[in-house]
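The values are calculated or read from the model by the stated rules, or taken from the named source; none is laboratory data. Being a predicted model, the structure only gives us computed values, none of them experimental. When we count neighbours, we look across all protein chains shown, and the Cβ atoms used for this are built from the backbone with ideal geometry, even at glycine. Surface accessibility is based on the protein's heavy atoms, side chains included, excluding ligands, DNA and RNA. Shrake-Rupley method; radii C 1.70, N 1.55, O 1.52, S 1.80 Å.
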2 protein chains.
Amino acid sequence: MSNTETYTVTGMTCGHCVASVTEEIQEIPGVENVEVALETGAVSVTSREPLDDTVIRSAVEEAGYQLT
Amino acid sequence: MSNTETYTVTGMTCGHCVASVTEEIQEIPGVENVEVALETGAVSVTSREPLDDTVIRSAVEEAGYQLT
């Protein structure tokens, strides 16, 4: 069974930004899938176990963006 | 002696876009330096010999952007 949680990320302006955020989040252990909607900033993360929000926040900030 | 010519590129929205355009133009033989101003889209290219505009246009389009 997997868990999917959707976050909102601000500051992404193009496909490169989407790729950066996706790559950072995919490096988190247990993450199975990441989907990003550039227009809305919605980032859906599917993982084997529920993830701590601080881990997602760190990954997003590492990529250079902000979690709302 | 070097030549510097400034072009205007549209569609760049972030630092990743700047990096993509810079990298593509730097691959053109004879190019010595590329400077990009994201806010204005101004791209200054310094080269040993004057370059054909079509070569610059192709590089910019290869990166996914447009020369005005």
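Across the protein assembly as shown, counting alpha-carbon atoms alone, Rg and Dmax equal 19.1, 66 Å.
Couplings 3J(HN,Hα) for the range B:50-65, derived from phi with the Karplus relation 6.51 cos²θ - 1.76 cosθ + 1.60 (θ = phi - 60°), are x, 9, 6, 4, 5, 5, 5, 4, 4, 5, 5, 5, 4, 6, x, 10 Hz, where x marks Gly and Pro. Distances between copies of B:Glu49, taken at a point 7 Å out from Cα along the Cα→Cβ vector and listed shortest first: 6.4 nm.
Rg over Rh for chain A works out to 0.92, using Cα positions for both radii and the Kirkwood form for Rh.
The 3J(HN,Hα) values that the Karplus relation (6.51, -1.76, 1.60; θ = phi - 60°) gives for the range A:9-25 are, in residue order, 10, 9, x, 7, 10, 7, x, 5, 5, 4, 5, 5, 5, 4, 5, 4, 5 Hz. Gly and Pro appear as x. Which whole-angstrom value gives the distance between the alpha carbon centres of the range B:37-68 and the range A:54-68? What the calculation gives is 33 Å, centre to centre. In the assembly of identical copies, A:Glu23 has its label point, taken 7 Å from Cα in the direction of the beta carbon, separated from the corresponding points by 0.8 nm (ascending, one decimal). Across chain B, the relative contact order, built from alpha-carbon pairs under 8 Å that are at least six residues apart, equals 45 percent. For A:Thr6, the solvent-accessible surface computed with a 1.4 Å probe is close to 90 Å², ligands and nucleic acids excluded. Averaged over the residues of B:8-17, the number of partner chain Cβ atoms lying within 10 Å of the residue Cβ comes to 4.
Sorted from shortest to longest, the distances between the A:Glu35 label points of this copy and the other copies are 4.5 nm, with each point 7 Å from Cα along the line through the beta carbon.
Take the range A:3-67 with all the other protein chains still there, run a 1.4 Å probe, and you get 54 Å² of accessible area per residue. Interface B-A: total buried accessible area of about 400 Å², 1.4 Å probe, protein heavy atoms only.
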